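> Pasting a structure below so you can have a look.
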Amino acid sequence: MRNTTELIERIVKLLDENFLVFVKRDNGKLVAVPEFEDYSDFMDFDDDNYELLYDEIETNPDAYFQIKKLTSRELYNTMMDFALDQERVDSVVMVKALRTNHPFEEFKKVTSKMGSVMFNGWTNYYRDQLKRIIRTRLCREHIHFQSEKCN
């Protein structure tokens, strides 16, 4: 079995690829299905394993914990924290972008214009924060991979 860091990185990747991600509460098994309304279009019901898995999630929702994407508030706060950690000149520009009517779009434009170092810095910061948030959510639900415990 992979360690917790690898599993959380896999969860982040699946969320980025627009999958709905579930963790089975009793054994920590990851289950991912594409994010769209009619799952049956995705499922190959000629394969009994897919049908059983789909039915299991639908009939036993309490047995699974869904890991959701960040809320808009969480994403905004993450962007603001990143902005406030930068040098004053860059920080002011990013905070100003976050105070517009379209903060997410403006923030991405501003960080892109600041160059690849800043944009890559933001991307790495975001991924690290997302992993931390996911780990916290799993801990709140008492879901542990291997024998790792929450702090």
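The values are calculated or read from the model by the stated rules, or taken from the named source; none is laboratory data. Worth saying up front: this structure is predicted, and the values here are computed from it rather than measured. Cβ coordinates were reconstructed from backbone atoms using ideal geometry, including for glycine residues, and neighbour counts include every protein chain displayed.
> Just the residues that are outside any helix (DSSP H, G or I) and either in contact with a Leu (Cβ under 7 Å, 6 or more places away or on another chain) or surrounded by 17 or more Cβ atoms within 10 Å (Cβ to Cβ) (or both), please, taken from segment 76-101. Write out each step before concluding.
Restricting attention to segment 76-101, the residues satisfying the condition of being outside any helix (DSSP H, G or I) are 85-87, 99-101.
Once the filter is applied, which keeps residues that are outside any helix (DSSP H, G or I) and either in contact with a Leu (Cβ under 7 Å, 6 or more places away or on another chain) or surrounded by 17 or more Cβ atoms within 10 Å (Cβ to Cβ) (or both), segment 76-101 yields only Q86.
> Consider R73 against the criteria (1) modelled with pLDDT of 95 or more; (2) surrounded by 11 or more Cβ atoms within 10 Å (Cβ to Cβ): it satisfies all of them except one. Which criterion is unmet?
For R73, the exception is condition (2).
> Among the residues of segment 138-150, are any part of a helix (DSSP H, G or I), crowded, with 16+ Cβ neighbours inside 10 Å, out of contact with any Phe, Trp or Tyr (no Cβ under 8 Å at 6 or more places or on another chain) and not assigned by TED's automatic domain parsing to the domain that holds D26? I'd like the intermediate steps shown before the answer.
Initially, segment 138-150 is screened for residues part of a helix (DSSP H, G or I), giving 138-140.
Within this subset, residues satisfying the condition of being crowded, with 16+ Cβ neighbours inside 10 Å are 138.
Imposing the further condition that a residue be out of contact with any Phe, Trp or Tyr (no Cβ under 8 Å at 6 or more places or on another chain) reduces the set to none.
Within segment 138-150, none of the residues are part of a helix (DSSP H, G or I), crowded, with 16+ Cβ neighbours inside 10 Å, out of contact with any Phe, Trp or Tyr (no Cβ under 8 Å at 6 or more places or on another chain) and not assigned by TED's automatic domain parsing to the domain that holds D26.
> Which numbered condition in (1) loosely packed, with under 15 Cβ neighbours inside 10 Å; (2) modelled with pLDDT of 85 or more; (3) within 19 Å of I143 (Cα to Cα) is the only one that F22 fails?
It is condition (1) that F22 fails.
> If you don't mind, another one. Taking only pairs six or more apart or across chains, which ones have beta-carbon atoms under 8 Å, a first residue in segment 119-148 that is farther than 17 Å from E74 by Cβ, and a second residue that is modelled with pLDDT of 90 or more and of a type outside the set (F, W, Y)?
Listed by first residue and then by second, the contacts come to F119/T111; F119/S112.
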